[in-house]
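Undergrad: Before we start, here is the structure in question, set down as structure tokens.
Throughout, read-outs are computed from the coordinates displayed, never taken from laboratory work. Since this is a predicted model, take the numbers as computed values, not measurements. With ideal geometry, Cβ positions are generated from the backbone for all residues, glycine too; neighbour counts draw on all protein chains shown.
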Amino acid sequence: METLMFKGMIHKKTALALVAILLVMLILPHMIPRFYVYLIASILVMALLAMSLNLVVGFGGLFQFHHGVFFGVGAYAVALLLTKTTLPKWICFISAPFVAALAGLIIGLICIRLSKLYFAMIQISLGSLVWALAFRWYGFTGGDDGIHGIPMPAAVSGVSNSYYFILIIFVLCIIALFFILKSPFGSTLQAARDNAQRCEAIGVFVKRHQLFGIIIASFFAGVAGVLFVVLEGSVFPDLLFWVLSLEILIMCLLGGWFTFAGPMIGAALMLSLRTFIGIHTEYWTLILGIILALLIFFLPQGVWGYFQEKWKLRKEAVAERER
Amino acid sequence: MLRVENLINSFGDFKAVNGANLTVKEGEIVAVIGPNGAGKTTLFNLITGHLRPDSGRISFKGEDISGLPPYTICKKGIARSFQLLNIFPRLTVFENVQVAVLSQHNRSLNLFRPARNMLIEETNRILESVGLLDKSHEIAGSFSHGDQKILEIAIALGNEPEFLILDEPTAGMSPEETTATMGLVKRLTVEQGLTLLFCEHDIDIVFSTADRIMVMQQGKTISEGTPDEVRQNEQVQQAYIGGD
């Protein structure tokens, strides 16, 4: 069952559980109403975005406070390429994440010179510039109307088709992110988070390393942007607005930002809460705020972080008894 | 091997290092001593590039290295430990050392292979040589103070240095731990053919370990020589016996 690449990196039980979940997700569109299929697809998009953010926030220790801008750039890139050029559609899809990565390179190059909150502030300002561009430049980006009715290839249009496309790309990206975290690049990134001074003393060009981290995270945010367009068929300036960046940051915190799967859980929780509480009251942000406050008080390591700790303790207890 | 000439570094008006001179030959064990605030740690930070000197010259194997960034100096063969604990607390002990080994082998930017299968032997050899192999899968942050100080040294060894700088390797240790650690440091120096530069508060340790000693006071080198020469120096006697 285990391939050579995964050997020792993942428990057999976990692998089986993951395969089971994947199988369920594959047959899901035939079993539940379209609305829920759509909800799950949007959770997957946000989950990928939050996980790409967590690569630099949780594992890189950077104050990436305006990650949404790379998501928006990816989404706008694919939207503009599809509507304004006659390039083959698949080229539009593939090139958009690279445009986002380029944005990551440019913004990252400027931000990385500063640290901590200064890093965050300059990133928010630069990101807001990009937002203003999309918001004001009616001729090119459609201004605050955005771009609607983006033509999609038949293979990915319709809720069920786009769901499958999003699911496949999501799984591939998550595997890639997992490998990146476990690679020498990933462990060095974590070492730089833990102790940048020491990391320089062992011969690592920390700033360059972190810049690569930002570029990679932007690339995956760009992929999430493409998936968003596939799902919604439209783009609008809100995608680049800092409020979205704050939301995905909260998803990371909510799920547990020192864990791999945490942001995914955070995204699922946040979108479900919004959807289901939103049905009953328009004050859903109020309830969300209370839940968040409670979680931060009682589960500071996040929902997933909490469960991981519990399981670890239980496993240790079992091991202790067997000894 | 290492030569420091007339080094000056100031923080605002305060000259932390004000005319330091030091020569270390290959294979030597050299100690820097001096009262608190004499500028020992600042001197080390200048050598390893964590600070830039205002003036003066640092050369390593005949090459001017003053003002180079830490990661470049490290790749030239100088590794160091820090006075205050300076490890990667969230990583396991194994990963702490492996990160340094990966960096030394220029693999830090590799994205496509699982790190856990890389350079295991090299990392384990270092862990074994300092006696931490049986704890290699523990999270470093949960270690005792003494073990974390040893891990500090192990991380520095991960860069396969020719020249090792230890900033108070036994700070905060009990007398027993101190003796054991200095024994370990001496053994490693001989086994791996290292050149060692260290500073230490315990004068007995310094005089029994070092081949040569450099004494600093208020940022200045006031004496440099063999333990006997230094012991006889009047200024040193004043600084230590008079001041202490």
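Undergrad: How would region B:1-135 be classified by its alpha-carbon gyration tensor: rounded, prolate or oblate, with rounded meaning a/c under 1.5 and the a/b versus b/c comparison settling the rest? Before the final figure, lay out each step's value.
TA: On the way: a/c = 2.12, a/b = 1.96, b/c = 1.09.
Prolate.
Undergrad: Moving to a separate point now. Can you put B:THR42, B:THR178 in order of Cβ neighbours within 10 angstrom, beginning with the fewest?
TA: Ascending number of Cβ neighbours within 10 Å: B:THR178, B:THR42.
Undergrad: For the Cα atoms of chain B, what angle does the longest principal axis make with the long axis of helix B:175-191, in degrees from 0 to 90, nearest 10?
TA: 80
Undergrad: Amide H neighbours of B:GLY19 under 5 Å, counting only residues 5+ apart in sequence or on other chains, H built in-plane at 1.01 Å?
TA: Under 5 Å from the amide H of B:GLY19 lie the amide H atoms of B:LEU7, B:ILE8, B:ASN9, each far enough along the sequence or on another chain.
Undergrad: I've got another one for you. Shielding of B:76-88 by partners, i.e. mean partner chain Cβ atoms within 10 Å per residue? Show your work: numbers first, answer last.
TA: On the way: counts 1, 0, 2, 3, 3, 2, 4, 0, 0, 2, 6, 4, 11.
For this peptide, the per-residue mean of nearby foreign Cβ atoms is 3.
Undergrad: Can I ask one more? Taking K and R as +1 and D and E as -1, what net charge do the other residues with C-beta under 13 Å from the C-beta of A:GLY68 add up to? Could you put the intermediate results ahead of the total?
TA: Numbers: positive: none; negative: A:ASP238, A:GLU247.
So the surrounding residues net to -2.
Undergrad: Separate question: May I ask what percent, to the nearest 5, of DSSP beta bridges between residues of chain B are antiparallel?
TA: Numbers: 21 of 38 bridges.
Of the beta bridges lying entirely in chain B, close to 55 percent run antiparallel.
Undergrad: What does the convex hull of the Cα atoms come to per residue for region B:85-160, in Å³? Could you put the intermediate results ahead of the total?
TA: Details: hull volume 6.2 nm³, N = 76.
Expressed per residue, the convex hull around the Cα atoms of region B:85-160 is 82 Å³.
Undergrad: Also: Could you work out which residue, out of B:ASN45, B:ASN106, B:ASN21, moves most in a Gaussian network model of chain B, that is, has the largest mean-square fluctuation with Cα springs under 10 Å?
TA: It is B:ASN106.
Undergrad: Give the long-range amide H neighbours of B:SER223: residues separated by 5 or more places, or on another chain, with amide H under 5 Å away, using H modelled in the peptide plane at 1.01 Å from N.
TA: B:VAL215
Undergrad: What is the spread of the Cα atoms of region B:173-222 along each of their three principal axes, largest first, in whole Å?
TA: The principal-axis extents, from largest down, are 33, 28, 15 Å.
Undergrad: Sorting check: for B:210-223, A:293-306, which peptide has the highest mean count of neighbouring beta carbons within 10 Å, and how do the rest follow? Can you show the working numbers first?
TA: Details: B:210-223: 21.1, A:293-306: 15.4.
Order by mean packing, descending: B:210-223, A:293-306.
Undergrad: Same structure again: Can you give the average number of partner chain beta-carbon atoms within 10 Å of each beta-carbon in peptide B:145-156, as a whole number? Write down the numbers at each step before the final one.
TA: Values: counts 0, 0, 0, 0, 0, 0, 0, 1, 0, 0, 6, 3.
Other-chain Cβ atoms within 10 Å of each residue's Cβ, averaged: 1.
Undergrad: So how many Å³ per residue does the convex hull of the Cα atoms of region A:263-306 work out to? Write out the running numbers ahead of the final one.
TA: On the way: hull volume 2.5 nm³, N = 44.
That works out to 56 Å³ per residue.
Undergrad: Another question about this same structure. Using the 2.2 N^0.38 Å rule of thumb for compact globular proteins, work out how region A:208-323 stacks up: its C-alpha Rg over that value, please.
TA: Working: Rg = 17.8 Å, N = 116, 2.2 N^0.38 = 13.4 Å.
After normalising by residue count via 2.2 N^0.38 Å, the value is 1.33.
Undergrad: Short version: ³J(HN,Hα) in whole Hz for each residue of region B:141-146, in order, from phi by Karplus 6.51 cos²θ - 1.76 cosθ + 1.60 (θ = phi - 60°), x for Gly and Pro, what are they?
TA: Each residue of region B:141-146 in turn: x, 8, 6, 5, 4, x Hz.
Undergrad: Shape verdict for region A:156-226, please, from the Cα gyration tensor: rounded (a/c under 1.5), prolate (a/b greater than b/c) or oblate.
TA: Details: a/c = 5.05, a/b = 3.00, b/c = 1.69.
Note, shape of region A:156-226 comes out prolate.
Undergrad: When you look at the Cβ of every residue in B:19-26, what mean number of other chain Cβ atoms sits within 10 Å? Spell out each step's value before the answer.
TA: Working: counts 0, 0, 0, 0, 0, 0, 0, 0.
For peptide B:19-26, the averaged partner shielding equals 0.
Undergrad: Would you kindly calculate the mean projected area, averaged across all directions, of the convex hull enclosing the Cα atoms of region A:282-323, in square nanometres? Let's see the in-between values first.
TA: Numbers: hull surface 13.4 nm².
Mean projected area for region A:282-323: 3.3 nm², to one decimal.
Undergrad: Using just the C-alpha positions of the protein assembly as shown as equal point scatterers, what log10 of I(q)/I(0) does the Debye formula give at each q in 0.08 1/Å?
TA: The calculated log intensity ratios at q = 0.08 Å⁻¹ are -0.65.
Undergrad: For region A:42-116, what are Rg and Dmax over the alpha carbons, in angstrom?
TA: Just the Cα atoms of region A:42-116 yield Rg and Dmax of 13.9, 43 Å.
Undergrad: Then there is this: Can you sort B:ARG3, A:ARG193 by how many other beta carbons sit within 10 Å, fewest first?
TA: Working: B:ARG3 16, A:ARG193 23.
Listing B:ARG3, A:ARG193 from fewest to most nearby Cβ atoms yields B:ARG3, A:ARG193.
Undergrad: Still on this structure, I have one more. Of the peptides B:164-171, A:220-227, A:149-156, A:165-172, how do they stack up when ordered by the mean number of other Cβ atoms within 10 Å, highest first? Spell out each step's value before the answer.
TA: Working: B:164-171: 23.0, A:220-227: 29.6, A:149-156: 13.6, A:165-172: 17.9.
Output ranking for B:164-171, A:220-227, A:149-156, A:165-172: A:220-227, B:164-171, A:165-172, A:149-156.
Undergrad: If one computes the Cα centroid of region B:1-28 and of region A:252-323, what distance in Å separates the two points?
TA: Answer, in whole Å: 53.
Undergrad: At q = 0.09, 0.10, 0.12, 0.20 Å⁻¹, what log₁₀ I(q)/I(0) does a Debye calculation on the Cα points of region B:99-244 give, no solvent, two decimals?
TA: Listed by q, the Debye log ratios stand at -0.37, -0.45, -0.61, -1.26.
Undergrad: Go ahead and estimate [θ] at 222 nm for chain A from helices alone: -39,500 (n - 2.57) per DSSP H run with n ≥ 4, summed, over the residue count, rounded to 500. Please report the intermediate quantities before stating the final value.
TA: Values: 14 runs with 241 residues, N = 323.
Value at 222 nm, helices only: -25000 deg cm²/dmol.
Undergrad: Based on DSSP H runs of at least 4 residues, each adding -39500 (n - 2.57), what is the mean residue ellipticity at 222 nm of chain B after dividing by all its residues, to the nearest 500 deg cm²/dmol? Intermediate results must be reported in sequence, preceding the final value.
TA: On the way: 9 runs with 84 residues, N = 244.
Using -39500 (n - 2.57) per qualifying helix, the result is -10000 deg cm²/dmol.
Undergrad: Could you check what % of the DSSP bridge pairs in the protein assembly as shown are antiparallel, to the nearest 5? Intermediate results must be reported in sequence, preceding the final value.
TA: Values: 22 of 39 bridges.
The antiparallel proportion sits near 55 percent.
Undergrad: By its C-alpha gyration tensor, with a ≥ b ≥ c as the square roots of the eigenvalues, how is region A:19-242 shaped: rounded for a/c under 1.5, else prolate for a/b larger than b/c, else oblate?
TA: Details: a/c = 2.28, a/b = 1.34, b/c = 1.70.
It comes out oblate by the Cα gyration axes.
Undergrad: Another question, if that's okay. Can you check how the C-alpha radius of gyration of chain B compares to 2.2 N^0.38 Å, as a plain ratio?
TA: Numbers: Rg = 18.1 Å, N = 244, 2.2 N^0.38 = 17.8 Å.
In units of the globular-protein estimate, chain B measures up at 1.02.
Undergrad: I need B:ASP204, B:ASP13 ordered by Cβ neighbour count within 10 Å, fewest first.
TA: Numbers: B:ASP204 9, B:ASP13 5.
Arranged by neighbour count, lowest to highest, B:ASP204, B:ASP13 become B:ASP13, B:ASP204.
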